[in-house]
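The values are calculated or read from the model by the stated rules, or taken from the named source; none is laboratory data. Source: prediction; values computed, not measured. All Cβ positions, even for glycine, are placed from backbone atoms using ideal geometry, and neighbour counts span all protein chains on display. Surface areas here come from the heavy atoms of the whole protein model, side chains and all, with no ligands, DNA or RNA. Shrake-Rupley method; radii C 1.70, N 1.55, O 1.52, S 1.80 Å.
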Amino acid sequence: MRNIDRFPFILAGVLFLLAWLLGFPMRAQSAPLGDVQCTLIADAATGKTLYQDGTCDQRFSPASTFKVPLSLIGYDAGILSDEHTPSWDYKPEFNAVKRDQKTVDPVIWERDSILWFSREITRRLGAEKFAGYVSKLDYGNNDVSGNPGKNDGLTHSWVNSSLKITPVEQVDFLRKLLARKLPVSAKAYDMTSAIIPTFQAGGWTVQGKTGSTRLANDADKVRDKRSLGWFVGWAKKDGQQIVFARLVVDATRTDMPKGLKTRAAFLKDLPLLVK
C-alpha cells in the first residue's frame, strides 16, 4: 500500500487515541437505554397474581401516582379536610403551567394532577414529618432526600428524583391501603377513596391515578431520552376486587401525557386480562 493510501487510517488512529487520552465521550456511551413495560394485576384480598407481563421489579419515579399516598398523609395530618377543603388559590410564585393556574381543592388536585397543590401539602408538613410519613408507609425506597446538593426533597423528591418504586411495590402498597393496614386514620382511607378518579371498563369500576415524567441522565452520564407513564389503582366487578399497576418507559413521543395514554390503554385491556 502506498504511503498516501495509509494516511487516512493513520490519522483516524491518532484521533481515536487522542480522544481516549483526553477523556472525550465515545459513541458507545450514548447508546439508548432500553424500554421497560409492565402490567401487574393481583387479587386485592389474597395477593394472588392474576396477570403479569413485562419487567415489574425495576424502580422508577412514582411521579403523580405519589398523590395516592400523599392524600393519605394529607388527611391523616389534618392538612386536608374533605373533598373540597381546603380550596387554595393559585399564586404566581408556584410557577405552574398555565392549565394549573387556578383555584384547586382535593378533588381537582387528584383529577387534574396539580403539582403545586402537592407541594403546598408537603411544605405544610415540613421535611421531618414528611420523611416520617413516607417511611411509616414504607413507600418504595423511602428516599425523599431529593436531588443531590439541592435540598429540594420536600418539594421535588417524587418527580424524577430520589423517591422510586417498582410496579410490584405499587401493588403491595395498594393492597395495604385497601386492607387498611397502613398507619393512618380511618378518615384518611375514606377521603382518599372519595377523591381518587373513577372510570368504567367493561363492567369494572376502576379507581386509579396516572403519573408522567421525563427521565434524567443516569449515573453513568448516558443521555436518557425516555419518559414514563404510570397508571395504578384498584377495580371492582361482581364482588371481585383487584389492584393493578401498569408502567410504560420508552422514548416514544406522544400527543398527550404518557400517563394518560397508559391509562387509556389499560382501561381498554382490562376486560380482556381478567375475566
| said: For the structure I just gave you, tell me whether residue 113 is touching a Gly at 6+ places or on another chain (Cβ under 6 Å), buried (at least 20 other Cβ atoms within 10 Å of the Cβ), modelled with pLDDT of 95 or more and among the hydroxyl-bearing types (Ser, Thr, Tyr). | reply: no
| field | Of all residues in region 91-110 being among the β-branched types (Val, Ile, Thr) and within 25 Å of residue 193 (Cα to Cα), the one that is most open to solvent (accessible area, probe 1.4 Å) | value | 103
| Looking at region 237-252, is at least one residue aromatic (Phe, Trp, Tyr) and either on the phi > 0 side of the Ramachandran plot or within 13 Å of the chain's Cα centre (by Cα) (or both)? | no
| said: When you scan region 172-187, do you find a residue that is acidic (Asp, Glu) and open to solvent by 50 Å² or more (accessible area, probe 1.4 Å), even just one? | reply: yes
| query | What about residue 213, is it touching a strand residue (DSSP E or B) at 6+ places or on another chain (Cβ under 7 Å), surrounded by fewer than 16 Cβ atoms within 10 Å (Cβ to Cβ) and of a type outside the set (D, E, K, R)? | reply | no
| field | Number of the exception - residue 216 against (1) in a loop (DSSP other than H, G, I, E, B); (2) closer than 24 Å to residue 107 by Cβ | value | (2)
| field | Residue check, residue 167 farther than 20 Å from residue 40 by Cβ and either open to solvent by less than 50 Å² (accessible area, probe 1.4 Å) or out of contact with any Gly (no Cβ under 8 Å at 6 or more places or on another chain) (or both) | value | no
| Criterion: touching a residue at least 12 places away in the same chain (Cβ under 8 Å), among the polar types (S, T, N, Q) and either loosely packed, with under 14 Cβ neighbours inside 10 Å or touching an Asp or Glu at 6+ places or on another chain (Cβ under 6 Å) (or both) - qualifying residue of 192, 122, 205, 155 | 205
| If we scan region 36-50, do we find a residue that is touching a Lys or Arg at 6+ places or on another chain (Cβ under 6 Å), surrounded by 13 or more Cβ atoms within 10 Å (Cβ to Cβ), assigned to a strand (DSSP E or B) and modelled with pLDDT of 50 or more? | yes
| Identify, please: which residue in region 219-262 is part of a helix (DSSP H, G or I) and touching a Gly at 6+ places or on another chain (Cβ under 7 Å) and is, among those, farthest from residue 197 (Cα to Cα)? | 258
| Among the residues of region 147-179, which ones are among the hydrophobic types (A, V, I, L, M, F, W, C) and assigned to a helix (DSSP H, G or I)? | 154, 168, 171, 173, 174, 177, 178
| said: Residues that are over 18 Å from residue 246 (Cα atoms) and either in contact with a Leu (Cβ under 7 Å, 6 or more places away or on another chain) or of a type in the set (Asp, Glu) (or both): does region 158-169 have at least one? | reply: no
